[in-house]
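The values are calculated or read from the model by the stated rules, or taken from the named source; none is laboratory data. Source: prediction; values computed, not measured. In this analysis, Cβ positions are derived from the backbone assuming ideal geometry, glycine residues included, and neighbour counts consider all displayed protein chains. Heads up: the accessible areas ignore ligands, DNA and RNA and are worked out on the full protein's heavy atoms, side chains in. Shrake-Rupley method; radii C 1.70, N 1.55, O 1.52, S 1.80 Å.
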Amino acid sequence: MLYDLHEMQHAALTPWRFMAHTMHGLYTNPWLPASYTRVGRQIAAGAALFERMTRRYGKPRFGFDHIEVNGHRTWVEEVTVYDLPFCDLVHFKRGLEAPGQPRVLVVAPMSGHYATLLRGTVEALLPDHDIYITDWVNAREVPPDEGRFDFDTYVNYVRTFLTVLGPGTHILAVCQPSVPVLAAVSLMAEDNDPCRPASMVLMGGPIDTRVNPTEVNRFADSHDMEWFSKNLIHTVPGQYLGRGREVYPGFLQLSGFMAMNMDRHVNAHLDYFNHLVEGDGDSADQHRTFYDEYLSVMDLSADFFLETVERIFKNHELAEGKLVVDNRRVNPGAITDVFLMTVEGERDDITGPGQTSAAHDLCANLPPSLRQHHLQPKVGHYGIFNGRRWREDILPHVRKFIIEADFAAAGRVLPPAAAGSHGHAEVLGGQTPHGDDGNGVGEFVRRVWEVLLA
């Protein structure tokens, strides 16, 4: 019923949006004298603000037209190389390929926003890596006869994509998918699957939400599953392909996102109004760029959402060694040869520091030389994978880590220029994450392959 009411409200506002659009066009027309007055600019700004606040935002584009690879400008094309009902595996094909660059599967979060939320992540990785990404499908567009999508399905999707890409792939999970990615890699390691990844980077993921709980974690703990099912799960209306499917609607998720920082969002829109009145086009463009992405949301399968809340946030099944996928217990201790890096932000108010690094304790049989943890000072959740701190402070560590793991997986000797210290890498268990001597994975890899090739 709530979903139907939301659709009716959107339809009822359509004439008003059209009027606002017309009013904005009128009061920005250079032939209208009033458009040069402050009152005229205020009317135009108010109309633009109303139209943006009531419109429906569709799926954004990544929009990578050209990038630089090895100093040469080249085109980028998004190519779907494999598709499943709830997700497409998309390859960012470059006009100028660089042989030998690591192949990386970026697993985008299925948490309300489209995979384009990781535009900044992908853009920074593209020059030095061969990038694939999980492009999740809006659940309201998946017909019910395609079946359910639950937590186990997510894990199987990850395994399927790794198999499609083949041995030597590296996997990078941002936020929510850290849990199913760790589960998938654990099962693949236990099966001695040759397509298990060469390295696994987990960024801001809720591996163990008992550690340093945030407001999100406390909210999950303070409400029973009946409350989540009764208040957040609704049926897709008849005008969509997924009609009849139960989902956690994107518009409800967006309301929750905005409620967490309502004052900031209100002030941002007031600033946008003032920027338009004052003619500050650059600031207005920055606002539009951010909110075009932020306000683009997708519905989640009810099965996946409820199981994630119950199994990960309330029962802590992975952290307590009780997680079962397809009737098999997930054992991260089976991982012995997959390089593991965890990344956290000091000011993360979604996934508190310590929740992601808990993966190192779970992967108890992974040698210290194959581990690294990076805690980025003065950065919140979004800043872990987007923005200046990601590009300048975090990416260099991730890039070097993947390169070193790639050389180890391929059985090559790492060039001396690519080795060395990782700067801000934390100490785990009294040792540096890359080895007892503190010289990084590069030193470890060189020593191993010098022995093997002798």
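What the table below lists for this structure:
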item	result
Accessible surface, 1.4 Å probe, highest first, among residues F92, F251	F251, F92
Nearest 10 degrees, 0 to 90: helix 441-453 Cα axis against the chain principal axis	40
Centroid-to-centroid separation of segment 232-293 and segment 71-117 [C-alpha atoms, Å]	25
Eligible aspartates and glutamates near K378 by straight Cα distance, threshold 14 Å, same-chain separation 8 or greater	E344, E346, D348, D349, E392, D393
Reachable lysines from K59, criterion Cα separation under 23 angstrom, eight or more residues apart if same chain	K93
Under 9 Å, Cβ to Cβ, from A98 - net charge with Lys/Arg +1 and Asp/Glu -1	-2
Pairwise label distance in nanometres, T80 with R38, each label 7 Å out on the Cα-Cβ vector	5.2
Cross-link reach list, aspartates and glutamates versus K314, counting only Cα pairs under 14 Å and skipping chain neighbours closer than eight places	D208, E215, D221, D224, E226
Area accessible to solvent at K314, 1.4 Å probe radius, in Å²	50
In Hz, Karplus ³J(HN,Hα) per residue of segment 5-10 (6.51, -1.76, 1.60; θ = phi - 60°; x = Gly, Pro)	5, 4, 5, 5, 5, 4
Translational D in µm²/s for the chain (Stokes-Einstein at 20 °C, 1.002 mPa s, Kirkwood Rh from C-alpha pairs)	91
Share antiparallel - DSSP beta bridges, the chain, percent rounded to 5	55
Sum of side-chain charges, I67 neighbourhood, beta-carbon under 14 Å (Lys, Arg +1; Asp, Glu -1)	-3
Residues whose placed amide H lies under 5 Å from that of V106, excluding near-sequence neighbours	Y132, I133, T134, L172
Accessible area in the full protein assembly, largest first, 1.4 Å probe, for Y154, Y57, Y382	Y382, Y57, Y154
R61-E392 FRET efficiency (beta carbon distance; Förster radius 22 Å; 0.05 resolution)	0.30
Within segment 238-256, backbone nitrogen closer than 12 Å to the virtual label 7 Å beyond the Cα of E141 toward Cβ	241-242
Cut-off under 5 Å, modelled amide H: who pairs with V325 long-range	V330
Segment 275-288 - phi-based ³J(HN,Hα) in whole Hz, Karplus 6.51/-1.76/1.60, Gly and Pro as x	4, 5, 5, 7, x, 7, x, 5, 5, 5, 5, 4, 4, 5
Stretch gain in nm, segment H72-D282, where the contour uses 0.36 nm per residue and the Cα spacing is subtracted	72.7 nm
Order of exposure, largest accessible area first, which applies to H269, H129 with probe 1.4 Å	H269, H129
Inter-label distance for D271 and R148, nm, one decimal - labels placed 7 Å from Cα along Cα-to-Cβ	4.5
K322/D193 FRET efficiency (R0 30 Å; Cβ-Cβ; nearest 0.05)	0.85
In degrees, nearest ten, helix 14-27 long axis to first principal axis of the chain (Cα)	80
Residue-wise HN-Hα coupling along segment 357-369, computed from phi with Karplus coefficients 6.51, -1.76, 1.60 (Hz; x: Gly, Pro)	5, 4, 4, 5, 5, 5, 7, 5, 9, 7, x, x, 5
Carbon/sulfur fraction of accessible area - segment 104-249, other protein chains in place, 1.4 Å, %	48
Area of Y291 that stays accessible when all protein chains are in place (1.4 Å probe, Å², to 10)	10
Modelled label reach - A259, point 7 Å along Cα→Cβ, segment 204-238 residues with backbone N closer than 12 Å	219-220, 228, 231-232
Computed over segment 144-297, Kirkwood Rh from alpha-carbon pairs, angstrom	19.3
Label point 7 Å beyond Cα of D4 along Cβ direction - residues of segment 210-247 with amide nitrogen under 16 Å	234-240, 243-247
Inter-site label distance for H21 and A98 at 7 Å from Cα along Cβ, in nm	4.2
